[in-house]
Amino acid sequence: MFRRKLSTTTSRLTSSLKATLQKDVNYQVTTYARPNDLCVTRGLNAKLYDDINNKEYIDFTAGIAVTALGHSNPQVSKILAEQSKKLIHSSNLYYTAESLELSAKIIEKTKQFGGQHDASRVFLCNSGTEANEAALKFAKKHGITINPKKQGLVAFQNSFHGRTMGALSVTWNAKYRTPFGDLIPHVSFLNLNDELTVLQNFIREKKDELAGLIVEPVQGEGGIFPVPEEKLIGLKQICQENDVMVIYDEIQCGLGRTGKLWAHAHLPKEAHPDIFTAAKALGNGFPIAATIVNEKVNNSLKVGDHGTTYGGNPLGCAVSKYVMDTLAKEDFLQQVQRKADLFTKRLTQIQRRFPHHIKDVRGKGLMIGAEFVEPPAELVKKARELGLLVITAGKSTVRFVPALTIEDEVIEEGLNIFEKAVESVYA
Ligand SMILES: Cc1ncc(COP(=O)(O)O)c(C=O)c1O
């Protein structure tokens, strides 16, 4: 699948270009901390190349859990090229075949592969944070329709739901929230480590003021914490009894990453959400996202309640149809779990070698975290120097979210580098 030889741009990328790029960094706002010895020029499945600095990297980040089907996936490129010649954009003023087909596919495959049993409608948009904005608005609309005071939201410690004002309001990390003054009101952060009855009592007591509860079935940015199934089952039960809409944010953990099409497909039907959100892997790198709701939620929505100019554009939808068809296959999902086992087995061995530095190895499918005793910034840097890209999650966890199509030998090669980096920093 990835045998296509990429035309290399190396020859054109001279040292003068390097100098120009170094100057150009001053034209972007200073919201990111990026290494200044790396400029990505191309990718191929689970590898990234920096032709400017002449480096090849094994990529365990997949663009932060986005390129599930690999960088430069030839089929994705072909679909984008072909669709771009037919229609790129026409807005949501009119139907397009691509967005109708994608919406139907999301609903049908979700039900077929054990996801939300009453999924019925899709809102298409462009990014994870936007999908969550829609989810929060829809939950609030449902609550307000019952009672104008029923508009509060429950979120959880360690959550991450995005950077726009609504999604940010339900994001736990105070560092992201507090510089921006007033966010949306009536948000309560609960602790998933509390007893289920404590969480349930809170929701029962506040039921007349609560519209929705938002949770990632596997918390990603917060540090890779799979939420125990009995918690999700109990939370859904109490929410259902009190007409509080349950939103699962599957932006990072969805779309095959945990070895099922959706992370909530590991749960029994009674714990399925009222609303769930998807993004990242949905376009394999082309920006597209979706908010999926049941009929109950849809019934409280009216024309004009929400909208977007680009959402559901034919280019993104054409790619997403292919992504859905590829991921939603039993054999594809099984190989994710097999590869996940390779990762966890080896990471556990590394943990045994360095028990004073690595506290825990945990995760679900190919969403894995190795928690260190101290923030692993130096380790991430060392790994990069040795040719491996990894990212952190939470304060002290190294996160592994590679392409789901990563080859076994690349997993091994990458983990060899990781072990070497750990050795070099901690031995
Ligand atoms: C669980 C979760 N929700 C929401 C988002 C926000 O998505 P985006 O960056 O596409 O807005 C992310 C991004 O990392 C995420 O991991």
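Would you mind ranking ARG362, ARG352 by Cβ crowding within 10 Å, fewest neighbours first? Present the calculation step by step, with values, prior to reporting the outcome.
On the way: ARG362 18, ARG352 10.
Taking fewest neighbouring Cβ atoms as first place, the list is ARG352, ARG362.
Any chance you could give the angle, 0 to 90 degrees and rounded to 10, that helix 74-86 forms with the longest Cα principal axis of the chain?
Its long axis makes an angle of about 60 degrees.
Between the helical axis of 330-353 and the dominant principal axis of the chain, each derived from Cα atoms, what acute angle in degrees is found, rounded to the nearest 10?
Relative to the chain, helix 330-353 is tipped by roughly 60 degrees.
Using a simple spin-label model with points 7 Å from Cα along the Cα→Cβ vector, what separation in nm is obtained for THR309 and THR197?
Distance between label points: 5.5 nm.
Using a 7 Å offset from the Cα along the Cα-to-Cβ direction at both HIS186 and ILE64, what is the distance between the two label points in nm, to one decimal?
2.9
Of all DSSP beta bridges located in the chain, what percent are antiparallel, nearest 5?
65
Under the rule a/c < 1.5 gives rounded, and otherwise a/b versus b/c splits prolate from oblate, where does segment 174-283 land using the Cα gyration tensor?
The shape class here is oblate.
Given the options THR67, THR20, THR392, state which has the largest fluctuation in a GNM of the chain using a 10 Å cut-off (strictly under) for Cα springs.
Highest fluctuation among the options: THR20.
Which entries of LYS206/LYS236; LYS111/LYS359; LYS141/LYS321; LYS109/LYS236; LYS109/LYS339 have Cα-Cα distances beyond 27 Å here?
Result: LYS111/LYS359; LYS141/LYS321 exceed 27 Å.
In debye, nearest 20: dipole of segment 76-328 around its Cα centre with unit charges on the Cβ of K, R (+) and D, E (-)?
That gives a dipole near 500 debye.
In degrees from 0 to 90, rounded to the nearest 10, what is the angle of the helix 377-386 Cα long axis to the longest principal axis of the chain?
The two axes meet at around 50 degrees.
Can you tell me which of LEU196, LEU124, LEU168 moves the most in a GNM of the chain? Springs connect C-alpha atoms under 10 Å apart.
LEU196
What distance in nm separates the simple spin-label points at GLU108 and VAL40, each placed 7 Å from Cα in the Cβ direction?
With each label point 7 Å from Cα toward Cβ, the separation is 3.3 nm.
Bear in mind these aren't lab numbers, they're just calculated from the coordinates by the rules spelled out. Remember, it's a predicted structure, so these values are computed and weren't measured experimentally. In this analysis, Cβ positions are derived from the backbone assuming ideal geometry, glycine residues included, and neighbour counts consider all displayed protein chains.
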